[in-house]
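The values are calculated or read from the model by the stated rules, or taken from the named source; none is laboratory data. Since this is a predicted model, take the numbers as computed values, not measurements. Please note: Cβ atoms are built from the backbone with ideal geometry, for glycine as well, and neighbour counts cover all protein chains shown.
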Amino acid sequence: MERTHLQSISAMATYDTAELEQAFQRYWRTGAVGEDWDAWANLFTDDVLYVEHVLGTMRGREAVRAWIEPIMAQYRELYTAYEWHTVDAKAGRVIVYMQNRRDHPRGSGTIDFPGVTILGYGGHGLWSYEEDYWSVPGAQTTLQEYAEACAAHDPDHAKKQTRLHWGDGPDWTRGAASYAARAAVT
């Protein structure tokens, strides 16, 4: 029986929890909060295996970069609100639960659908594996709900690219009030 990529990571090394936590926080701050997708792609190993169950499987950092930048540009009104994460140092992985979020055009509330990401650590601050799960029916429903809310309340809302409801996570999980106001993350 062939080993999965995550089983191979688990068999190779045990990492320090603090190292994994630091790498995860950098990953989150660079991507979800800072939305610097070029820098975010640099947080993967050259040979990363990225499994996106809806949009396809990618191999290699440059394949991930070529995919992430245009897709995130297409949905700039959408941002990622942190819910929780767990670190499994023995297995070298982090699991994070999030909401894919749009601010409601009426000025209060959000329109969300959930997602889960499993990250496999490759050492030296880099990730060698990512696997994403998100609710396809939820994404479709919320996209329609958002379009209807824009029509009813603010037809130009998507262009504002607001990020008003980051959630109740730690400070490092929250960003600026809009895409335009985001800060470069180092």
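Things to note:
- Residue match in the range 27-37 (condition: under 27 Å from Gln140 (Cβ atoms), part of a helix (DSSP H, G or I), of a type outside the set (A, V, I, L, M, F, W, C) and modelled with pLDDT of 95 or more): yes
- Where Glu69 falls short, out of the listed (1) buried (at least 16 other Cβ atoms within 10 Å of the Cβ); (2) of a type in the set (Asp, Glu); (3) farther than 22 Å from Asp16 by Cα: (1)
- Residue among Ala176, Ala180, Ala158 that alone is touching a helix residue (DSSP H, G or I) at 6+ places or on another chain (Cβ under 9 Å), part of a loop (DSSP other than H, G, I, E, B) and under 14 Å from Glu77 (Cβ atoms): Ala180
- Within the set His165, His153, the sole residue that is touching a Lys or Arg at 6+ places or on another chain (Cβ under 8 Å), without any contact (Cβ under 8 Å) to a residue 60 or more places away in the chain, more than 30 Å from Tyr15 (Cα to Cα) and not small (Gly, Ala, Ser) turns out to be His153.
- From Leu143, Leu164, residue being surrounded by fewer than 17 Cβ atoms within 10 Å (Cβ to Cβ) and touching a Ser or Thr at 6+ places or on another chain (Cβ under 9 Å): Leu164
- Restricted to the range 97-140, and to residues there that are at positive phi and in contact with a strand residue (DSSP E or B) (Cβ under 9 Å, 6 or more places away or on another chain), the residue that is surrounded by the most Cβ atoms within 10 Å (Cβ to Cβ) is Gly123.
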